[in-house]
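Worksheet for the structure shown next.
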Amino acid sequence: MRQLDTALGLGAVRGPLGRIVKVALYALAVFVFAGPLLALLVSAFGRVTDPTRLTLIPHDLTLDNFRTAFDQGVLRYLANSLIVVGGGLLLQIAVSVTAAYALARKQFPGVRLVLLLILSTMMLPEEILAIPLSLVLADVPVIHVNLVGTLAGMIVPVGAWAFAILVMTEFMRDVPIELEEAARIDGAGDVRIFWSVILPVCRPALGVLGIFGFTMIWDQYILPLLVAQDSAQFTLALALRSLRADEQVGTGVLIASALLALLPSVVVFLALQRQFMRGLTSGAIKG
Amino acid sequence: VTTTLVAAAAAGERAAAPVRRRPFRNASAWLWLAPALILLTVFKFVPMARAISMSFKDVRPYLGDRWVGLGNYRAVLGDPAFRAAAGHTVVLAVGETIGSIVVGLALALLLEGTARHLWIVRTAVFLPTVTTMAVVAALWRILYYPAPDGALNTVLGWVGLGPGQYLDSPHTSLWSVLAVGVWRGAPYDMMIFLAGLAGVDRSLYEAAAADGAGPLRRLWHVAFPAMRPVFGIVVTLAAIRGLRVFTEIYLLTNGGPNGSTEVVMTLVYKLGLERDELGIASAGSMLLLVATIVLTLLAQLLRRRREAR
């Protein structure tokens, strides 16, 4: 019975009136949720002069907003964002795979305690740690380095992310032990096994790590806020606030910059939607 | 990405199962773990320890800290501004949770199905959730522009609703912030509900239909009971997300106008980084942390109970 494929059985609604109502509801949903973002896209290429105008209908297309935005140093902010996300992601993946290798493939006393510690960091929201974190960033314990005012200050703290470590551990645990044993009989050491046996098998997991790591770092706001001292270290996200406050800069520039900050996450989402959704819902549903 | 919390927690739980006993050269394990453990220690555990210790001290740079026991906690709890902020935080957390669930459920029921056009609509509706908060805030500041020809006022004008002040009026600011939270949260809940709906046994629908149940009774007696655990998880997650709210407030209103949208974290941020009241700010964070941990444990408990079934 095809019409009972869904809870409400809306697929079975036929007739002109039913269809019109259905399409109207779809249109409303798209208008409310995607409309504002579409307006952002269209308006970025329009001549926006005052802060009240957002348009959904393209007319009088221009690149002026972007030109002015680049004059305002937005390219610099974009570059900062990309450096932070690139550096952070590389570090995060390196840290996650090495930690996961130990957690998944090695037996040592304290392994459960380490897992518990890593898991516990997920209960510490970064918002709540913001103030002590700013003190730590200004004077890193033991080595006494000041990371405030450096892009490194936005990169290093995102290096260890419990979610990434745990996902990777889970994946490496499933790599057959025979692969590792065969290599060991051939005289391979830990590093060789890790690099040429385990990592190649884990390529799909690296993809998932990449998507979530990218989104996590691109969405960072508090950390850059704590670290940046002046506009030279601004990421795009930080810059949006100061562009807004600046009376000299028109709304058009703000909209164009917002679009630049929006595009990477949307592109990643659209391109890798399937993996994204699976990662998002699998834990919540299957537990 | 708070949203990935459940997934990771689940992964962690499975990872905690006993490791295969393979007596290889294991001394190097700590070497492999070192980068992760060092980074977590420096950027999570040390700040945590300092927050706890500062919350019991009067923090005086260069003069040395002074132990004040529960003084900071008393100061925070006795501060009307903090109590107001806690109230706003709870209103936002509860409002955004309920709003996102109601809207998300409606969207899920409307957009459930395998047809391609439904998939396209779902993708479009989901976009707010992947949009960076900084962009969401910038966008909604423009949409909420309080002049009669502001974007939202124009749209509301089409259906005969009068211009509002939104973020600029203390009477509507909290609700306006809440609406943005629902706008961003509902699509996420929709996806969770869709996954839950996909797990409902189709033959139950048919059996209910054979018994003469209409769509609404099918929903109430078949789909909802099957999704009860999903509701539990969505509620707890949304509540945790709501309690620690900072960025959206900081960017949309920064607590204004007139303190009408001040939440715990924006207040703590101002106390700590703008007024240098580090001890009192830490006490405020600790109270919020305790609330968050209680909710997180509750979420774990709910999942356990569901798994036990």
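Details
- The single condition among (1) at the interface with chain B (Cβ under 7 Å from one of its Cβ atoms); (2) surrounded by 22 or more Cβ atoms within 10 Å (Cβ to Cβ); (3) out of contact with any Ser or Thr (no Cβ under 6 Å at 6 or more places or on another chain); (4) farther than 27 Å from residue A:79 by Cα that residue A:119 does not meet is (2).
- Residues within the range A:149-165 that are over 17 Å from the mean Cα position of the chain (by Cα) and either open to solvent by less than 10 Å² (accessible area, probe 1.4 Å) or facing chain B (nearest Cβ under 7 Å) (or both), tallied: 1
- Within the set A:228, A:232, the sole residue that is open to solvent by 10 Å² or more (accessible area, probe 1.4 Å), touching a Ser or Thr at 6+ places or on another chain (Cβ under 8 Å) and away from chain B (no Cβ under 11 Å) turns out to be A:228.
- Selection within the range A:93-129: residues that are among the charged types (D, E, K, R) and assigned to a helix (DSSP H, G or I). The member of this set that is nearest to residue B:45 (Cα to Cα) is A:126.
- Residue list for the range A:98-115, restricted to those being more than 7 Å from chain B (Cβ to nearest Cβ) and open to solvent by 10 Å² or more (accessible area, probe 1.4 Å): A:105, A:109, A:110, A:113
- When A:5, A:71, A:60 are checked against the criterion of being acidic (Asp, Glu), open to solvent by 60 Å² or more (accessible area, probe 1.4 Å) and within 30 Å of residue B:205 (Cα to Cα), a single residue qualifies: A:5.
- The set of residues in the range B:223-264 that are free of Cβ contacts under 8 Å to residues at least 24 places away in the same chain, crowded, with 20+ Cβ neighbours inside 10 Å and of a type in the set (A, V, I, L, M, F, W, C) contains only B:246.
- The range A:79-97, residues that are within 19 Å of residue A:169 (Cβ to Cβ) and open to solvent by 30 Å² or more (accessible area, probe 1.4 Å): A:89, A:91, A:93, A:94
- When the range A:201-220 is filtered for residues that are touching a Phe, Trp or Tyr at 6+ places or on another chain (Cβ under 8 Å) and within 18 Å of residue B:246 (Cβ to Cβ), only A:216 remains.
The values are calculated or read from the model by the stated rules, or taken from the named source; none is laboratory data. Keep in mind that what you see is a predicted model, and the values were worked out from it rather than measured. Cβ: placed from backbone, ideal geometry, glycine included. Neighbour counts: every protein chain shown. When the accessible area is computed, the model is the full protein with side chains, heavy atoms only, and any ligands, DNA or RNA have been set aside. Shrake-Rupley method; radii C 1.70, N 1.55, O 1.52, S 1.80 Å.
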